[in-house]
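Read the structure below first, then the notes.
The values are calculated or read from the model by the stated rules, or taken from the named source; none is laboratory data. None of the values given here were measured: they were computed from a predicted structure. Neighbour counts run over all protein chains shown; Cβ positions are idealised from the backbone, glycine included.
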């Protein structure tokens, strides 16, 4: 199949009606907006145990993480969290509510982590992981987590246990 | 000042380790990820009245909206909502909690709308608006709002009155 190809000649300038510099193509006027990206993830539980996976890829290879990844177009945030959990751990989940909305301005990301239930005990390790399993609450690998947002989300999950109504927590630090 | 310029020759392909087509530069390997964008906004109130502004720009020129706009890099979501409100209405606000997180997969956006308080009665119409003012709850221009997310956020704000703890609402429809 023929794949169309196109070129762009970019220069940094402030577009009309804007107040910030953007990368603008000098041939076609295309403006490349570089905005924060959304990472969606889920703390999923089954019978009081929590689902985590261990990373097979950089960064933080070998460390444990809450299933998650970049949200894609054509999905809702909740659908993204369900998709990422399925891709990484094989687990089917149902989203319950929003546990945390963590802004990471130093890397241009916003992490949306949901509280979720595993719909069945099935786990199948995805290509970006070396391991995926359920942990009892008192054996969570808190010292071997990949990212600060994993620590926050697990702590917020534990605080939220037994509560039906929760407000999402935010980053405990401003980076 | 000399502005550096660079060119990119893009083709749609699946990068190594990915499972979706992305725009990849054939010269330098740069991958252009096109992910959902975040819009941040605030329903800000003062003495029971609600702050809205009327759009001076397309789309939906002349219609009323909750202050809001695209989140930028180097800010948190809450800071973005505060900045957009200040730019559009001149009002200084304090963010209280998250009122709604509305996924709009058909246009690749996620809207985060906060519940907020105006810190002072000062209003100054920004360049993207023709008007900005406080409305009593029973005179809100519900029939002349710019976007569905405005309607949802105002409805959710009214439902949340008197409640200290709220869970953010989501889109009532799947586009």
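Looking only at strands (runs of 3 or more DSSP E) that fall completely inside segment B:65-138, which ones have 2 or more residues that are touching a helix residue (DSSP H, G or I) at 6+ places or on another chain (Cβ under 9 Å) and buried (at least 23 other Cβ atoms within 10 Å of the Cβ)?
Once the strands (runs of 3 or more DSSP E) in segment B:65-138 are filtered for at least 2 residues that are touching a helix residue (DSSP H, G or I) at 6+ places or on another chain (Cβ under 9 Å) and buried (at least 23 other Cβ atoms within 10 Å of the Cβ), what remains is B:93-104, B:109-118.
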I'm checking my understanding of the structure. Among residues of segment A:140-164 that are without any contact (Cβ under 8 Å) to a residue 12 or more places away in the chain and within 14 Å of another protein chain (Cβ to nearest Cβ), which one is surrounded by the most Cβ atoms within 10 Å (Cβ to Cβ)? A:159
Residues satisfying the stated conditions in segment A:29-60, i.e. surrounded by 11 or more Cβ atoms within 10 Å (Cβ to Cβ), part of a loop (DSSP other than H, G, I, E, B) and either in contact with a helix residue (DSSP H, G or I) (Cβ under 9 Å, 6 or more places away or on another chain) or more than 10 Å from every other protein chain (Cβ to nearest Cβ) (or both): A:30, A:36, A:56, A:60
Check on residue B:172, at pLDDT below 95 and within 16 Å of residue A:77 (Cβ to Cβ): yes
Matching residues in segment B:165-175 - criterion: being under 18 Å from the mean Cα position of the chain (by Cα) and surrounded by 14 or more Cβ atoms within 10 Å (Cβ to Cβ): B:168, B:169, B:170, B:171
For residue A:48, only one of the following conditions fails: (1) without any contact (Cβ under 8 Å) to a residue 40 or more places away in the chain; (2) on the phi > 0 side of the Ramachandran plot. What is its number? (1)
Could you run through segment B:91-115 and say how many residues are within 14 Å of the chain's Cα centre (by Cα) and more than 10 Å from chain A (Cβ to nearest Cβ)? 6
Every listed condition ((1) in contact with a strand residue (DSSP E or B) (Cβ under 8 Å, 6 or more places away or on another chain); (2) without any contact (Cβ under 8 Å) to a residue 12 or more places away in the chain; (3) within 14 Å of chain B (Cβ to nearest Cβ)) holds for residue A:88 save (2)
Does segment B:2-14 contain any residue that is more than 9 Å from chain A (Cβ to nearest Cβ), loosely packed, with under 15 Cβ neighbours inside 10 Å, modelled with pLDDT of 95 or more and not in a strand (DSSP E or B)? no
